[in-house]
Structures are given as structure tokens and as C-alpha cells.
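Structure first, commentary second.
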Amino acid sequence: MSEQPVIFLTHGAGPCFYLDASKEKWCKGIDKHSNCAKFFKDLTKNANLKKPPKAIIVLSAHWDENICTVQMNSKPELYYDYSGFPPEAYKLNWDVPGALTEAKNLKVLLESKGIQCEENKKRGLDHGVFVPLKLAFPKADVPVFQVSLLSSMKIEENMKIGEALSELSKDGILIVGSGSATHAGLFDNKPADWALQFQKWIQDVVTNPDYTPEQRKAKLLASESQSFLRSAHPRIDHFLPIPMSCAAAGYKAGKILYSEFKGSMLMEHYLF
């Protein structure tokens, strides 16, 4: 089985990539006709995935639990965990299979690393999963499952989960962190100063080849010392998949796959 990379994706605003900006003005530049949507349609090419992954595990900003929880649903439905969108947003279909064997193996792995773990057999795939990946894998032929973030929102605790996942890439499992490079601000204005500061900082942390893994980890653990972090992420649920993805990649330098501002919302994706 071919080794897979680790990818962080900014999954957009609700079901934006399936909407038409001519009808939904707010999603101009991030609708189904946008470059952002095209990126996801070409994700396997953009990320140079030469062989399909055996399965995909997603760390989504839209699922957190008090105890790390693994999704064990053989046929997960889509969980439309958004509101206020047009009817077509609730009719999206992606009949992707779950990955029970991989999920069970992951639970054993997490527990072997000293991480308390539970399982959830009912939860569906939230929009942090199906909104980007339905575009990237439209045939729904690669099994998908999730592992939750921790509701403590503590960076170190969540990074330990990412570290535990690092062994999976060698087994042909694609690890995807799904959140948002920034998760605040309006779409129709120029980027705020805090958004530009955050972009400069996160790009350095993620891509600078001069940092050792230990230095990169230390910078991520010290994230909250950056004054602009809370402006970019009032609640850090959408930030956590970035350090967790870095951790899953062994804190090696990544590269930027895509970068575009929509107001202060930074549409940025990283490959490790």
C-alpha cells in the first residue's frame, strides 16, 4: 500500500462550494464556480496522490468530545450540521462507506499511546468532511471515518492525538485535518491586520525548512502567546486541525497548496 501524505484543508463556510453566488451573494468567490471549489475537485492531482488511499481519516473542527472518540459507522450518513441555507444544501448525497477495520485498529493504537478513547457507532459525517471531500472523491469509493477533537480545546492534548496518528500514513491511510486557516471576519472586506499577521506566522511555522521537528512543535505549543490568534480564531476549534496535522506528519515542514483571502477569511491548504 502506497504511503499517503497528511493534508490540512480549509473547508469553507457551510456548504458554500455547492451554492451559486448569483443566488447567494454572500458566497461570491467561494461558491461552486470558484477557484476554491476547483481546487477541491482537483485535490488528488494538487496533492500528487498517485494511488488512492486505503481509507481517509478526518480531524474535523465540527466534532469535539470530552474523551477522544472514534467514529465506527459502516455506512455513515451525512450530518447537515449547518442552518439557514437553501434547500439544496440539505439534499447533498455522498454514499461513502465507513472504515470499521481501520477505526477499530485506530482505537487500539490510541489506547496503546495512553489516550483514553471511546467509539461512536451512530454519528454521521459532518460538513467539515463531506463539503470538501465529496468534491475530491465524487465516486465515494474510498472509506472515510472521523476521530474527534477534545472539547478541552487544549493544544497540547489535541496534538498528542495527531502524534498518535502518524503511523497511519505508512499504512496507506490519508490523514486530513479539516478546519479553517482563519475563522473570523467578513468575506467582502480587505484582510484585517490580524489576518495578515496570522498568515505570515502560520506560513512560517508550517513551511520553514530550517526548523527542526522539536522547534516546530514548540512554536505550535506556544500558539496562544500570539496576540492575533484569538482574533483569527475566537474559538480555536477550526485552528486545532492545523497543529494536529503537523503532529501527524511528525512536525516536518509542509508546503502551501493553495492560498487566497476572502475578506479576512484565509482559504489556505497545507500538504505534509
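The values are calculated or read from the model by the stated rules, or taken from the named source; none is laboratory data. Bear in mind the structure is a predicted one, so any value in this text is a computation, not a measurement. Cβ coordinates were reconstructed from backbone atoms using ideal geometry, including for glycine residues, and neighbour counts include every protein chain displayed.
Quick check on region 25-48. Is at least one of its residues surrounded by 16 or more Cβ atoms within 10 Å (Cβ to Cβ), at pLDDT below 95 and either under 18 Å from LYS134 (Cβ atoms) or in contact with a Ser or Thr (Cβ under 6 Å, 6 or more places away or on another chain) (or both)?
Yes, region 25-48 contains at least one residue that is surrounded by 16 or more Cβ atoms within 10 Å (Cβ to Cβ), at pLDDT below 95 and either under 18 Å from LYS134 (Cβ atoms) or in contact with a Ser or Thr (Cβ under 6 Å, 6 or more places away or on another chain) (or both).
State the number of residues belonging to region 143-163 that are in contact with a strand residue (DSSP E or B) (Cβ under 7 Å, 6 or more places away or on another chain), not small (Gly, Ala, Ser) and not in a helix (DSSP H, G or I).
Of the residues in that region, 7 qualify.
From the set of residues in region 63-99 that are surrounded by fewer than 16 Cβ atoms within 10 Å (Cβ to Cβ) and among the aliphatic types (A, V, I, L, M), which is farthest from PRO143 (Cα to Cα)?
This residue is ILE67.
Mind listing whichever residues of region 215-232 are touching a Gly at 6+ places or on another chain (Cβ under 9 Å) and not hydroxyl-bearing (Ser, Thr, Tyr)? It would help to see each step written out before you state the result.
Step one: filter region 215-232 for residues touching a Gly at 6+ places or on another chain (Cβ under 9 Å), giving 231-232.
Scanning region 215-232 gives a single hit, ALA232.
Between residues in region 248-272 that are on the phi > 0 side of the Ramachandran plot and residues that are polar (S, T, N, Q), which pairs lie under 7 Å by C-beta distance while being six or more apart or on different chains?
Qualifying pairs under 7 Å: GLY250/SER166; GLY263/ASN189.
I'd like to check which helices (runs of 4 or more DSSP H) are fully inside region 166-272 and have at least 2 residues that are modelled with pLDDT of 95 or more and surrounded by fewer than 18 Cβ atoms within 10 Å (Cβ to Cβ).
Here the list reads 193-207, 213-221.
Six or more apart or on different chains, Cβ atoms under 8 Å: show the pairs whose first residue is in region 70-93 and within 17 Å of TYR18 (Cβ to Cβ) and whose second is assigned to a loop (DSSP other than H, G, I, E, B) and of a type in the set (A, V, I, L, M, F, W, C).
LEU78/LEU92; LEU78/TRP94; TYR80/LEU92; PHE85/LEU19; PRO86/LEU19; GLU88/LEU19; ALA89/LEU19
Among the residues of region 94-130, write down those that are of a type in the set (Asp, Glu), out of contact with any helix residue (DSSP H, G or I) (no Cβ under 9 Å at 6 or more places or on another chain) and touching a residue at least 12 places away in the same chain (Cβ under 8 Å). Spell out the reasoning first.
If we filter region 94-130 for residues that are of a type in the set (Asp, Glu), which is where we start, we get 95, 102, 111, 118-119, 126.
Of the ones still in play, those that are also out of contact with any helix residue (DSSP H, G or I) (no Cβ under 9 Å at 6 or more places or on another chain) are 95, 111, 126.
Correct list: ASP95, ASP126.
Just checking, which of MET159, MET153 is of a type outside the set (Val, Ile, Thr), on the phi > 0 side of the Ramachandran plot and under 17 Å from the mean Cα position of the chain (by Cα)? Steps first, answer last, please.
Details: MET159 fails: on the phi > 0 side of the Ramachandran plot.
Checking each option against the conditions leaves just MET153.
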